[in-house]
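Encoded as structure tokens, the structure appears first; notes follow it.
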Amino acid sequence: MDLKKNESIQRVYKTLKKYDESQSLIVLETSAGTAKDAATSLGCDVGAIVKSLIFKSNDKYYLCLISGDKRASASKIKSILNVDELSMASATDVKQVTGFSIGGVSPIGHLNKLNVLIDLSLGRFKQLFAAAGHPYCIFKINYRDLIKITNGLPNNITE
């Protein structure tokens with residue numbers, strides 16, 4: 001894969017390098033399009049995979065970063081955001097808002113600024129792996145740096 005020609009991957013790469021010059025991307029031989037696929041490709045616990053889920057409330061979008069072995073809790077997220085309605089964003093909305101297709105949505109490098117919630121359960125792992133704009137490209141990061149690079153709010157947002 002030619003990383004230099006993929007605009008989505010380049011947005012993630014630039015954001016990552018701006019945050020920490022020592023950071024790099026990892027290109028996989030197999031897909032990381034789902035948390036299970038990513039864990040299999042990397043040989044790690046599925047919980048160490050960061051799922052980037054986009055939720056919509058009215059006309060606002062929110063990024064929720066959740067451990068690969070957990071499910072998002074709509075009721076907890078609604079309570080934290082103080083909204084009455086909340087739904088998963090459509091694939092079309094995700095692409096339009098973030099610039100990424102589902103299966104490669106990164107926690108960073110979005111086209112639009114999003115409010116970010118980060119599940120506390122991700123803190124169980126020394127190293128986390130997140131999508132880098134493409135199903136075959138990821139990056140490694142620790143929980144503390146994930147919070148800093150996304151300006152995310154840690155909270156209990158899973159069932």
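Would you check if there is a residue in the range 136-156 being assigned to a strand (DSSP E or B), under 14 Å from the mean Cα position of the chain (by Cα) and of a type in the set (Asp, Glu)? Write out each step before concluding.
Of the range 136-156, the ones assigned to a strand (DSSP E or B) are 137-141, 153-155.
This time we only want the ones that are under 14 Å from the mean Cα position of the chain (by Cα), so: 137-141, 153-154.
Subsequent filtering for residues that are of a type in the set (Asp, Glu) retains none.
Looking for residues that are assigned to a strand (DSSP E or B), under 14 Å from the mean Cα position of the chain (by Cα) and of a type in the set (Asp, Glu), one finds none in the range 136-156, hence no.
State the number of residues belonging to the range 1-59 that are among the β-branched types (Val, Ile, Thr) and in a helix (DSSP H, G or I).
So the first thing to find is which residues in the range 1-59 are among the β-branched types (Val, Ile, Thr), and the list is 9, 12, 15, 26-27, 30, 34, 40, 46, 49-50, 54.
Still in the list and also in a helix (DSSP H, G or I): 9, 12, 15, 40, 46.
Within the range 1-59, residues that are among the β-branched types (Val, Ile, Thr) and in a helix (DSSP H, G or I) number 5.
Residue check, Ser41 against (1) modelled with pLDDT of 95 or more; (2) of a type in the set (Ser, Thr, Tyr); (3) within 14 Å of Phe129 (Cβ to Cβ), all met but one. Which one?
(1)
When only residues in the range 40-52 that are touching a residue at least 40 places away in the same chain (Cβ under 8 Å) and of a type in the set (A, V, I, L, M) count, which is farthest from Ser87 (Cα to Cα)?
So, considering only residues that are touching a residue at least 40 places away in the same chain (Cβ under 8 Å) and of a type in the set (A, V, I, L, M), the one farthest from Ser87 (Cα to Cα) is Leu42.
Given the conditions (1) of a type in the set (S, T, N, Q); (2) in contact with a Gly (Cβ under 8 Å, 6 or more places away or on another chain); (3) surrounded by fewer than 21 Cβ atoms within 10 Å (Cβ to Cβ), and given that Ser106 satisfies all but one, which numbered condition is not satisfied?
(3)
Just for the range 34-72: of the residues that are among the polar types (S, T, N, Q) and within 16 Å of the chain's Cα centre (by Cα), which one is surrounded by the fewest Cβ atoms within 10 Å (Cβ to Cβ)? Walk me through how you get there before you give the answer.
Narrowing the range 34-72 to residues among the polar types (S, T, N, Q): 34, 40-41, 52, 57-58, 67.
In the following step, the residues that additionally are within 16 Å of the chain's Cα centre (by Cα) were identified as 34, 52, 67.
Values: Thr34: 16, Ser52: 23, Ser67: 24.
Restricting to residues being among the polar types (S, T, N, Q) and within 16 Å of the chain's Cα centre (by Cα), the top hit is Thr34.
The values are calculated or read from the model by the stated rules, or taken from the named source; none is laboratory data. On a predicted model such as this, the values are computed, not experimentally measured, just so you know. Reconstructed Cβ throughout: ideal geometry from the backbone, glycine too, with neighbour counts over all protein chains shown.
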